[in-house]
Amino acid sequence: MKFEEGMQKLSEITEKLEKGGLSLEEAVALYGDGAKLAAECQAELEQAKLTVTEYIKTMETE
């Protein structure tokens with residue numbers, strides 16, 4: 001999944017949880033899905049940061 005898609009889904013989950021009206025089971029399931037998505041997005045951001053850092057190091061040595 002692309003980062004942007006993950007963030008969009010995370011936003012949708014957040015809206016549903018904030019709106020309320022869910023059963024406990026639904027809320028817990030959505031929370032779990034959101035936690036997984038947040039971790040995936042965070043990992044992707046960390047990888048992007050490493051890639052950019054490597055680009056910068058490469059440009060500085062040229």
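The values are calculated or read from the model by the stated rules, or taken from the named source; none is laboratory data. Everything quoted here is computed from the prediction, not taken from an experiment. FYI the Cβ positions are ideal-geometry reconstructions off the backbone, even for glycines, and counts take in every protein chain you see.
Looking at Glu4, Glu40, just one residue is over 8 Å from the mean Cα position of the chain (by Cα) and acidic (Asp, Glu), and that residue is Glu4.
Here are some residues: Glu26, Glu60, Glu46. Which one is acidic (Asp, Glu), modelled with pLDDT under 95 and part of a helix (DSSP H, G or I)? So the residue among Glu26, Glu60, Glu46 that is acidic (Asp, Glu), modelled with pLDDT under 95 and part of a helix (DSSP H, G or I) is Glu60. The residues of segment 16-30 that are loosely packed, with under 12 Cβ neighbours inside 10 Å and within 30 Å of Ala48 (Cβ to Cβ) amount to a single one, Glu18.
So which residues in segment 1-34 are closer than 16 Å to Leu45 by Cβ and either in contact with a strand residue (DSSP E or B) (Cβ under 9 Å, 6 or more places away or on another chain) or of a type in the set (Ser, Thr, Tyr) (or both)? Ser11 - this is the single residue of segment 1-34 that is closer than 16 Å to Leu45 by Cβ and either in contact with a strand residue (DSSP E or B) (Cβ under 9 Å, 6 or more places away or on another chain) or of a type in the set (Ser, Thr, Tyr) (or both). The set of residues from segment 1-44 being without any contact (Cβ under 8 Å) to a residue 12 or more places away in the chain and among the polar types (S, T, N, Q) comprises Gln8, Ser11, Ser23, Gln42. Of all the numbered requirements in (1) surrounded by fewer than 11 Cβ atoms within 10 Å (Cβ to Cβ); (2) among the β-branched types (Val, Ile, Thr); (3) touching a Gly at 6+ places or on another chain (Cβ under 7 Å), Ile13 misses one, and that requirement is (1).
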